[in-house]
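Here is the structure we will look at, set down as structure tokens.
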Amino acid sequence: MPGLEDRSRDLQQDVEEQDRASEDGDGGWFGDMMDWLGDTAGDAVDAIGDGMDWLGDRVSDGADWVGDRIGEGLDWLGDRVQDGKDLVSTAIDAVRDFEWPRVTELLVDGATGLIRGTGDGIEALTGIDLKLADDGTGYADAPVPVTGEESGLVPPSDLSQIIANTNTTYGDKETGEVSMSVVGNPPTGVIVNIPGTEKWGPGAGDNPMDLTGNAEQAGSGGWSAGSQATADAIARLYADNDIPPGTPLMLNGHSQGGMVASSLAANEDFAAQYNLTNVMTYGSPVDNYSVPSSVNQLNLQHGGDAVPRIDLGGLALGPGGGGSDGATNLTLDSPGAHPFDFGTNHSGAEYQNSVQTQPQDPNSTLSQYSQDPSLAPFLTGDPGNVQHYRSGVHREN
């Protein structure tokens, strides 16, 4: 039957075309739709999984943050309790040893504790350490020899030139330094020049000659990272240059630098290592330090300079107090136009000028100190008879 045969061929052709359309996963529009639904569902499941992972991470981070803050808060509370115990213990020991606490020490300790506690509280809440009043540990770079031309340091021919070298040692606020002059070859004397405060602000950075160092020096500890760094610089100078420990040593400092000098002189461990014979300070509150009478100490202050009076003359809550028994305290005429000209009256350059130019009676205290035999090993006007050094001082906290 010819018609039936034709229809059979057509049907067979339709089946073959349908089979070809279904090959290689191509199911036509319906197959495409099913593939899209499958892909979309898989993406949705993956997205949900990623979201749950992210949420889990955030919950974990939050729990860790809360845990850290609680731990830091407990540490802060423990530190404040210990600070209180230390303060009481110090007061009891001082009274028992007939050394009553000095007024400025208590005031400074209280203020420092408040600032430090504020910083700890901020860190406990935010995790950010502002290093408020965090004095840390002081250390120094190896002393580097420098010429007078490159450093500005001059032969220490008299007291005014020693002061000039200390003033020259002031540097960049971020990079503290001390300078040292070795007189004679072999050495007859070593002078250490210590600048004052170079950076103001409650945050404690690399330079230990800052407000935090000031507070630590004025507090009951009477010691700072600046003192430790200066001691390290001196030790390295002696070791690197084979300077005999019996060589006479003079410490000289302005403002905070004078406090550092006095704290070193009052420290038995430091003094036992060297032949410390002389200390000179200018514009420094040093009446809270007990420097041995064996050290020839001269403390200069302008009549209108308020800084040396911050220590209230070493006023204590009971018997005792006052400055070192063997120290010579000399008040010079004020260079400022009036008592409230604080900057001029405290200026290191003005102290140099006062010592150099103010009338000096041969029988005056300043003249007598200048002619004291203990100063002779440190004085020279010959640039070839002195080697200057600079050493960077740092704080690690």
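The values are calculated or read from the model by the stated rules, or taken from the named source; none is laboratory data. All of these numbers come straight from a predicted model, not from anything done at the bench. Neighbour counts are summed over all protein chains in view; Cβ atoms, including those assigned to glycine, are modelled from backbone coordinates with ideal geometry. Side chains included, ligands, DNA and RNA excluded: accessible areas come from the protein's heavy atoms. Shrake-Rupley method; radii C 1.70, N 1.55, O 1.52, S 1.80 Å.
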*Among 324-333, 161-170, how do they line up from the highest to the lowest mean number of other beta-carbon atoms within 10 Å?*
161-170, 324-333
*Based on the Cβ-Cβ distance from residue 310 to residue 118, what FRET efficiency comes out when R0 is 22 Å, to the nearest 0.05?*
0.45
_Between residue 372 and residue 206, what is the label-point separation in nm under the 7 Å Cα-to-beta-carbon projection?_
3.8
*So what does log10 I(q)/I(0) come out to for the stretch 167-250 at q = 0.11, 0.23 Å⁻¹, using the Debye formula with one equal point on every Cα and no solvent?*
-0.34, -1.07
_Using θ = phi - 60° and Karplus 6.51 cos²θ - 1.76 cosθ + 1.60, couplings along the stretch 232-237 (whole Hz; Gly, Pro as x)_ = 5, 4, 5, 4, 5, 4
*For residue 356 and residue 141 in one chain, what is 0.36 nm times their gap in residues minus the Cα-Cα distance, to one decimal in nm?*
74.1 nm
*For the stretch 274-346, what's the relative contact order in percent, using C-alpha pairs closer than 8 Å and at least 6 residues apart?*
36
_Calculated Rg and Dmax of the stretch 292-388 using C-alpha coordinates, Å_ = 16.0, 52
*Tell me, what HN-Hα J-couplings in whole Hz come from the Karplus equation 6.51 cos²θ - 1.76 cosθ + 1.60 at θ = phi - 60° for each residue of the stretch 159-167, using x for Gly and Pro?*
4, 5, 6, 5, 5, 4, 5, 5, 4
_Using alpha carbons only: equivalent-ellipsoid semi-axes of the stretch 123-282, gyration tensor based, whole Å_ = 28, 17, 14
*Could you list which residues have their amide H under 5 Å from that of residue 316, counting only those 5 or more apart in sequence or on another chain, with H placed in the peptide plane?*
103, 322
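At 0.36 nm per residue, minus the direct Cα-Cα distance, what do residue 150 and residue 64 gain on full extension? Give it in nm, one decimal, please.
25.6 nm
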*In whole angstrom, note down how far apart the Cα centers of the stretch 117-158 and the stretch 196-230 are.*
7
*Going highest first, how would you order 289-300, 126-137 by mean Cβ packing within 10 Å?*
289-300, 126-137
*Considering amide H positions built from the backbone, and no H for Pro or chain starts, which residues 5 or more places from residue 296, or on another chain, come under 5 Å of its amide H?*
278, 279
*For the pair residue 293 and residue 172, what calculated FRET efficiency results from E = 1/(1 + (r/R0)^6), where r is the Cβ-Cβ distance and R0 = 56 Å, to the nearest 0.05?*
0.90
*Accessible surface of residue 390 - all protein chains present, 1.4 Å probe, nearest 10 Å²*: 40
_Order by protection proxy (mean Cβ within 10 Å, highest first), peptides 373-381, 219-227_ = 219-227, 373-381
